Amino acid sequence: MTELAHFWIVSPMMEEVEPVLEDGSGPLVQFADAVCVEARTKREAKVLGVKLMEHWPTYARRDDRNPFSGVKAESALCPHGLCHCDIEGCSNYPENDLCPECREEHDREFEKLMEDRSLMDDPE
Ligand SMILES: [Zn+2]
Ligand SMILES: [Zn+2]
């Protein structure tokens with residue numbers, strides 16, 4: 001039997017006008033739902049995840065879209081075996097933080113990105 005695993009389920013991007021003015025108009029904001037579930041397979045995770053989503057199912061129905069199309073299921077487990085989910089009681093790593101090795105990788109990528117940027121900004 002497959003073990004239970006933790007997944008991040010992410011909806012496609014949604015767009016909605018944020019009504020900041022009195023007539024209900026405002027800037028268009030983009031957002032997505034992201035939830036964590038415990039499941040044995042990605043397919044099962046998607047079914048559970050879509051049920052938990054706050055905005056996406058209504059949004060999809062309004063547009064006559066299949067609420068499962070475009071939904072992504074990603075394992076919350078990083079390559080170093082730590083879980084980056086936000087499921088309460090998941091013992092792998094506290095506070096939904098990155099594992100130290102992942103953090104290092106991210107920092108390196110970020111530094112590289114910054115280096116590339118500064119090269120591009122250079123007019124010469
Ligand atoms: Zn977890
Ligand atoms: Zn990691």
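The values are calculated or read from the model by the stated rules, or taken from the named source; none is laboratory data. Since the structure is predicted, the reported quantities are computational estimates derived from the model, not experimental observations. Here the Cβ is made from the backbone with ideal geometry for all residues, glycine too, and neighbour counts use every protein chain on show.
Annotations
- Tally of residues being free of Cβ contacts under 8 Å to residues at least 40 places away in the same chain and within 22 Å of residue 86 (Cα to Cα) across the range 1-26: 4
- Index of the failed condition, residue 99 passing every other in (1) modelled with pLDDT of 90 or more; (2) buried (at least 16 other Cβ atoms within 10 Å of the Cβ); (3) more than 11 Å from ligand 1 (Cβ to nearest atom): (1)
- In the set (1) more than 16 Å from ligand 2 (Cβ to nearest atom); (2) within 28 Å of residue 3 (Cβ to Cβ); (3) among the charged types (D, E, K, R), residue 104 fails one condition alone, (1).
- For first residues located in the range 57-82 and among the β-branched types (Val, Ile, Thr), partners that are within 16 Å of ligand 1 (Cβ to nearest atom) and lie 6+ apart or on another chain with Cβ distances below 8 Å form the pairs 71/9; 71/10; 71/49.
- Per-region count, the range 20-34, residues at pLDDT below 95 and among the charged types (D, E, K, R): 2
- The residues in the range 67-95 that are modelled with pLDDT of 90 or more and surrounded by fewer than 10 Cβ atoms within 10 Å (Cβ to Cβ) can be counted, and the count is 1.
- Test: residue 61 is within 30 Å of residue 89 (Cβ to Cβ) and more than 16 Å from the chain's Cα centre (by Cα): no
- Test result for residue 29, without any contact (Cβ under 8 Å) to a residue 24 or more places away in the chain and part of a strand (DSSP E or B): yes
- Taking the range 10-26 as the range and being part of a loop (DSSP other than H, G, I, E, B) and of a type outside the set (Gly, Ala, Ser) as the test, the residues that pass are 12, 13, 18, 19, 20, 21, 22, 23.
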